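Here the structure comes first, spelled out in structure tokens, and everything after it is commentary.
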Amino acid sequence: MSKQEVTKLFEAHQNQWEKIRNVEVLVWEDFPWPMFKQPSSPEDLTTAAVQAYVLYPHQRAQREIREDIRKWHPDRFNPRYLSRIKESEKEKVCEGAGSVVRILNDLLHRITAQDPF
């Protein structure tokens, strides 16, 4: 992807978070999964793919990664979206969100260990 395409994707993902606030029935494809390529299943949410997205073009601040964790963490994600996710997609979406949180937490711990201040 070109730098311009990546910038457009980041903007589209930010806009998608706003858009899904008003969607009555959500499905997997509605969520702005933190990857350059739209995943088709939770198995596609690999550590390498999520990290490449989160750390592009350079390392993000710990604060920004924490904000991403809050978006996907079940304590926030479930109350906001779970009741609106299509029943047949709930397990898939929850599994995907859980994968994202685990990957981001691992990334944050590794970054914090490298630079504790």
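Read-outs throughout are calculated quantities, based only on the coordinates presented, and are distinct from any laboratory measurement. Everything quoted here is computed from the prediction, not taken from an experiment. Cβ sites come from the backbone with ideal geometry, for glycine too, and all protein chains shown count toward neighbours.
How much mean residue ellipticity at 222 nm does the chain get from its helices, if each DSSP H run of length 4 or more adds -39500 (n - 2.57) and you divide by all residues, to the nearest 500 deg cm²/dmol?
Rounded to the nearest 500, it is -19000 deg cm²/dmol.
At 0.36 nm per residue, minus the direct Cα-Cα distance, what do Ser40 and Thr112 gain on full extension? Give it in nm, one decimal, please.
22.8 nm
Taking the alpha-carbon distance from Lys71 and a cut-off under 15 Å, which aspartates and glutamates remain once sequence neighbours fewer than 8 residues away in the same chain are dropped?
Glu18, Asp30, Glu95
Run the simple label-point estimate for Ser88 and Thr7 please: 7 Å along Cα→C-beta, distance reported in nm.
So the label points at Ser88 and Thr7 sit 4.0 nm apart.
With a sphere of radius 13 Å drawn around the Cβ of Thr47, what net charge do the other residues whose Cβ falls strictly inside it have (Lys, Arg +1; Asp, Glu -1)?
-1
Hey, can you grab everything whose amide H is under 5 Å from the amide H of Leu26? Only 5+ residues off in sequence or another chain; H modelled, so Pro and N-termini drop out.
Ile85, Lys86
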